[in-house]
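Below is one structure; the comments refer to it alone.
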Amino acid sequence: MTEFAIKDGSEPLLLYPDYVSTRLRAPEQPLVTIPERLSDITAPVYGWWTPDELDNDLTRQRPQEPHGQRIIVSGRLLDEDERPIAGALIELWQANAAGRYAHSKDDHPAPLDPNFTGAGRTVTGEDGRYAFTTIRPGAYPWRNHANAWRPAHIHFSVFGRNFKSRLVTQMYFPGDPMMAYDPIYQSIPDARARERLISRYDLSLTKPEWALGYAFDIVVRGRNATPFETPR
Ligand SMILES: [Fe+2]
């Protein structure tokens with residue numbers, strides 16, 4: 001197992017037997033580097049349309065409001081020197097308040113919410129900041145092992161300047177007891193790196209009479225980098 005460990009333990013192990021699907025997908029041979037071509041590093045990241053004002057507000061994408069606890073998730077996208085990264089596309093996807101994804105593959109017996117897509121996107125501002133308004137996701141079962149439940153989490157994707165520079169991670173909520181039992185979260189060896197995936201309740205982001213605020217900075221590289229599921 002250790003041969004697949006990232007050296008400093010801040011990235012998920014590619015083979016972590018308790019996370020059952022890694023037994024099948026972890027590479028058994030040394031990785032092969034594929035040379036980059038010019039189009040790989042110059043091709044545009046996303047389409048001609050720019051995110052509109054509803055793309056980062058998952059509570060207003062349908063005729064009525066979705067069920068659940070309204071939250072604001074905001075933070076900054078930073079490089080290794082804590083400099084902001086502006087103009088980066090950030091996407092998120094998540095389960096609804098009952099822990100169900102609006103996806104054909106999710107068939108666990110929790111209600112779908114017709115007013116919740118579970119998907120959003122935005123572009124970071126000059127200060128590297130992004131913000132989403134959404135619903136706190138529920139935990140869901142996932143059949144990895146007996147009585148396996150994922151802690152509440154939100155999936156994040158960050159695009160760099162080209163399509164190949166995509167980073168994917170998950171954000172968790174403070175104090176969630178399910179994290180201790182979650183092989184995906186626990187597959188990151190370094191405890192301090194794991195903690196960088198936990199958002200922080202932030203009163204300054206909280207809107208009175210409206211929504212709870214959670215802060216979640218994303219650091220793309222360096223000593224304090226956010227653990228990513230995709231290799232950098
Ligand atoms: Fe998920």
Selection status of TYR185, aromatic (Phe, Trp, Tyr), surrounded by 15 or more Cβ atoms within 10 Å (Cβ to Cβ) and part of a helix (DSSP H, G or I): yes
Considering LEU78, LEU58, which residue is surrounded by 18 or more Cβ atoms within 10 Å (Cβ to Cβ), under 25 Å from TYR185 (Cβ atoms) and more than 16 Å from the ligand (Cβ to nearest atom)? LEU78
For ARG196, only one of the following conditions fails: (1) among the charged types (D, E, K, R); (2) crowded, with 20+ Cβ neighbours inside 10 Å; (3) over 24 Å from ALA102 (Cα atoms). What is its number? (2)
Cβ pairs under 8 Å, 6+ apart, first in region 161-175 and of a type in the set (D, E, K, R), second modelled with pLDDT of 90 or more: ARG166/SER157; ARG166/VAL158
Taking first residues from region 87-107 that are closer than 26 Å to GLY160 by Cβ and second residues anywhere that are within 14 Å of the ligand (Cβ to nearest atom) and aromatic (Phe, Trp, Tyr), the pairs with Cβ under 6 Å that are 6 or more apart or on different chains are LEU92/PHE156
Please work out which one of (1) in a loop (DSSP other than H, G, I, E, B); (2) within 15 Å of the ligand (Cβ to nearest atom) is the condition THR134 fails and give its number. (1)
What's the number of the only condition in (1) away from the ligand (no atom under 13 Å from the Cβ); (2) part of a loop (DSSP other than H, G, I, E, B) that LEU167 fails to meet? (2)
Consider GLY125 carefully, then state whether it is open to solvent by 20 Å² or more (accessible area, probe 1.4 Å), within 16 Å of the ligand (Cβ to nearest atom) and over 18 Å from the mean Cα position of the chain (by Cα). no
Condition (residue is at pLDDT 95 or above and either aromatic (Phe, Trp, Tyr) or more than 20 Å from ILE218 (Cα to Cα) (or both)) applied to region 71-84: is it met by at least one residue? no
Do we have GLN94 as at pLDDT 95 or above and within 16 Å of the ligand (Cβ to nearest atom) here? yes
Any chance ILE154 is in contact with a strand residue (DSSP E or B) (Cβ under 9 Å, 6 or more places away or on another chain), over 17 Å from ASP18 (Cβ atoms) and buried (at least 16 other Cβ atoms within 10 Å of the Cβ): yes
I need the full set of residues from region 140-160 which are in contact (Cβ under 8 Å) with a residue 24 or more places away in the chain, near the ligand (Cβ under 10 Å from one of its atoms) and among the hydrophobic types (A, V, I, L, M, F, W, C), in order please. ALA152, ILE154
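To keep it simple, each residue is scored yes or no on (1) among the hydrophobic types (A, V, I, L, M, F, W, C); (2) assigned to a loop (DSSP other than H, G, I, E, B).
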{"residue": "HIS103", "(1), (2)": "no, yes"}
{"residue": "PRO111", "(1), (2)": "no, yes"}
{"residue": "GLY125", "(1), (2)": "no, yes"}
{"residue": "HIS155", "(1), (2)": "no, no"}
{"residue": "MET171", "(1), (2)": "yes, no"}
{"residue": "PRO174", "(1), (2)": "no, yes"}
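The values are calculated or read from the model by the stated rules, or taken from the named source; none is laboratory data. These numbers were taken from a predicted model, which means no experiment stands behind them. Cβ sites come from the backbone with ideal geometry, for glycine too, and all protein chains shown count toward neighbours. Surface accessibility is based on the protein's heavy atoms, side chains included, excluding ligands, DNA and RNA. Shrake-Rupley method; radii C 1.70, N 1.55, O 1.52, S 1.80 Å.
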